[in-house]
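Report on one structure; see the data block that follows.
The values are calculated or read from the model by the stated rules, or taken from the named source; none is laboratory data. Worth saying up front: this structure is predicted, and the values here are computed from it rather than measured. Backbone-built Cβ (ideal geometry, glycine too); neighbour counts: all protein chains shown.
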């Protein structure tokens, strides 16, 4: 014989096939403890219905929903309807809080880290541009890239300290001028180090949170796509065509208004598979990659198993076959 088991806010209940109550175990009235107790069937409950095949199904849940209030009062869980209503209200609040906490997953932290990385990159570019303009007033003959100039300023300071310095038409620096410029340069260098730390964190966390997705493309690009989608859950629900065009929304809207061509890719354009493809094959490469990324996102979210090596090999084979 089967015992149909149902979990409810007031306790565990077991019913016979015809709906008759077989056995029950009531909870206390603390909503938080009830939420903890609901996670697993207690051993004493299972032992009490030994000899029956224990099954949790929708039929048991329907029976419980139909008789919940009746059982709560008749079995002594609550004295009356008012007391039971107060418990249900408190239980609903506790359940909502638990679900809200659970909804903030690691993918949301990863998205914020990616956004922080993009902010830091913008800040570094602005700071380097300012330093270049500033120092060029002192040493306009120094024709170096912004990063090379930063390294020289940190190492030498004013132009007179350069081993190969001869003369310059720029403005001379006082000791206080040199000090503030070198301090500014060191600040930029510290921000650059922070950027490296953020990049390493984003790459490592991407491989942890979405190992299959991040294995098919650069982890930083994978997180950019995740950020554009909003969450791993939303990404897992997207069809391949949507993943392919993430980041190309403006071009797509222009096309829908008949003001431009249909875009072939969005952020995926930065992927090496597409960059290395011939011009007439980039669209097909994007479709192949988007198809695999869709599958990878669903595996990451729904099953959390690591099929990265298998997916990578399949993608490489598809790309080779395309050429």
- The one condition in (1) surrounded by fewer than 14 Cβ atoms within 10 Å (Cβ to Cβ); (2) closer than 30 Å to residue 224 by Cβ that residue 116 fails to fulfil: (1)
- Message: Given the options 53, 81, 44, 119, name the one that is without any contact (Cβ under 8 Å) to a residue 24 or more places away in the chain and either under 30 Å from residue 147 (Cα atoms) or in contact with a strand residue (DSSP E or B) (Cβ under 7 Å, 6 or more places away or on another chain) (or both).
- Response: 119
- Take region 287-306 and flag every residue that is modelled with pLDDT under 90 and in contact with a helix residue (DSSP H, G or I) (Cβ under 9 Å, 6 or more places away or on another chain). 301, 302, 304, 305, 306
- Query: Condition test on residue 184, is it out of contact with any strand residue (DSSP E or B) (no Cβ under 7 Å at 6 or more places or on another chain), in a helix (DSSP H, G or I) and farther than 29 Å from residue 316 by Cβ?
  - Reply: yes
- Item | Residue within region 123-143 that is touching a residue at least 60 places away in the same chain (Cβ under 8 Å), assigned to a helix (DSSP H, G or I), outside the structural domain of residue 222 (by TED's automatic domain parsing) and surrounded by fewer than 17 Cβ atoms within 10 Å (Cβ to Cβ) present | yes
- Note on the structure: Within region 148-170, residues surrounded by fewer than 12 Cβ atoms within 10 Å (Cβ to Cβ) and touching a residue at least 12 places away in the same chain (Cβ under 8 Å) come out as 169
- Residue in region 178-198 that is surrounded by 15 or more Cβ atoms within 10 Å (Cβ to Cβ), out of contact with any helix residue (DSSP H, G or I) (no Cβ under 8 Å at 6 or more places or on another chain), free of Cβ contacts under 8 Å to residues at least 60 places away in the same chain and not assigned by TED's automatic domain parsing to the domain that holds residue 310 present: yes
- Query: Taking region 2-28 on its own, how many of its residues are surrounded by fewer than 16 Cβ atoms within 10 Å (Cβ to Cβ) and either within 37 Å of the chain's Cα centre (by Cα) or on the phi > 0 side of the Ramachandran plot (or both)?
  - Reply: 1
- Message: Condition check: surrounded by fewer than 18 Cβ atoms within 10 Å (Cβ to Cβ), in a helix (DSSP H, G or I) and assigned by TED's automatic domain parsing to the domain that holds residue 245. Does residue 310 satisfy that?
- Response: yes
